[in-house]
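Okay, so here's the structure we're looking at.
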Amino acid sequence: ARGTREATRPRPDTTPGEDGTARRLFEAVVGAARRAGPPDVLSTALACLAGLDYREGRWLRAHAAASESVGLAEYARRAGEGGSGLDGCLATLALIEAGLGRAHACRTHAGRVIDGPRGDLRPVAHAEAARALLALARADHATALGHLDEA
């Protein structure tokens, strides 16, 4: 039994609980999309990778990927080549900015999602969660609860 337990323990350089599978898949999609994919695919894959980096504590790397994802989604929307994932990219960026303490940028990006046209409500919930995180950082529990109620 001892040998089995040791064999199933994840290596320190892998994603806990997933053995790095999610990271490898996102990185593969990002690489393929950089070579030949439409901007929408790359923007969504970068936002997913940014979310993973955020959860793993690689916040500056997450911020860079999320910022790029927003730029690509905005480009795709302007060029008429998609851009449907822009709200998700903005919400991911807002959450990372909240964690980094970049209050103005977080409010700006979250506001674009919350005040924009409603389609998919998941980005709205994530943008409200980013606003709640900012409020919690200021120990403003009532405001945080209000944002969480909206989410």
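The values are calculated or read from the model by the stated rules, or taken from the named source; none is laboratory data. A quick note: this is a predicted structure, and the numbers were derived from the prediction, not measured. FYI the Cβ positions are ideal-geometry reconstructions off the backbone, even for glycines, and counts take in every protein chain you see. When the accessible area is computed, the model is the full protein with side chains, heavy atoms only, and any ligands, DNA or RNA have been set aside. Shrake-Rupley method; radii C 1.70, N 1.55, O 1.52, S 1.80 Å.
Annotations for the structure displayed:
- Remark: pairs (first residue in the range 17-32, farther than 14 Å from Asp53 by Cβ; second residue open to solvent by 50 Å² or more (accessible area, probe 1.4 Å) and modelled with pLDDT under 90; Cβ separation under 7 Å; 6+ apart in sequence or on different chains) = Asp19/Pro10.
- Test: residue in the range 122-130 that is open to solvent by 50 Å² or more (accessible area, probe 1.4 Å) and not small (Gly, Ala, Ser): yes
- Helices (runs of 4 or more DSSP H) contained entirely in the range 1-63, each with at least 2 residues that are modelled with pLDDT of 80 or more: 21-36, 39-55
- Residue match in the range 96-106 (condition: under 21 Å from Ala22 (Cβ atoms), surrounded by 22 or more Cβ atoms within 10 Å (Cβ to Cβ), hydrophobic (A, V, I, L, M, F, W, C) and touching a helix residue (DSSP H, G or I) at 6+ places or on another chain (Cβ under 8 Å)): yes
- The set of residues from the range 109-121 being more than 21 Å from Asp53 (Cβ to Cβ) and either surrounded by 14 or more Cβ atoms within 10 Å (Cβ to Cβ) or in contact with a Lys or Arg (Cβ under 6 Å, 6 or more places away or on another chain) (or both) comprises Gly111, Arg112, Ile114, Gly116.
- Odd one out for Leu148, checked against (1) farther than 30 Å from Gly20 by Cα; (2) in contact (Cβ under 8 Å) with a residue 40 or more places away in the chain: (2)
- Boolean, Ser69 is open to solvent by 10 Å² or more (accessible area, probe 1.4 Å) and in contact (Cβ under 8 Å) with a residue 12 or more places away in the chain: no
- Identity of the residue in the range 75-95, open to solvent by less than 10 Å² (accessible area, probe 1.4 Å) and out of contact with any Lys or Arg (no Cβ under 7 Å at 6 or more places or on another chain), that ends up farthest from Trp59 (Cα to Cα): Ala76
- Options Gly119, Gly146: the member that is at pLDDT below 90, small (Gly, Ala, Ser) and not in a helix (DSSP H, G or I): Gly119
- Per the listing Ala73, Ala135, the residue uniquely touching a Ser or Thr at 6+ places or on another chain (Cβ under 6 Å), over 27 Å from Gly37 (Cα atoms) and outside any loop (DSSP other than H, G, I, E, B) is Ala135.
- Matching residues in the range 122-138 - criterion: being among the small types (Gly, Ala, Ser), at pLDDT 90 or above and over 13 Å from the mean Cα position of the chain (by Cα): Ala132, Ala135
- Residue in the range 46-59 that is farther than 19 Å from Leu133 by Cβ, under 12 Å from the mean Cα position of the chain (by Cα) and open to solvent by less than 20 Å² (accessible area, probe 1.4 Å) present: yes
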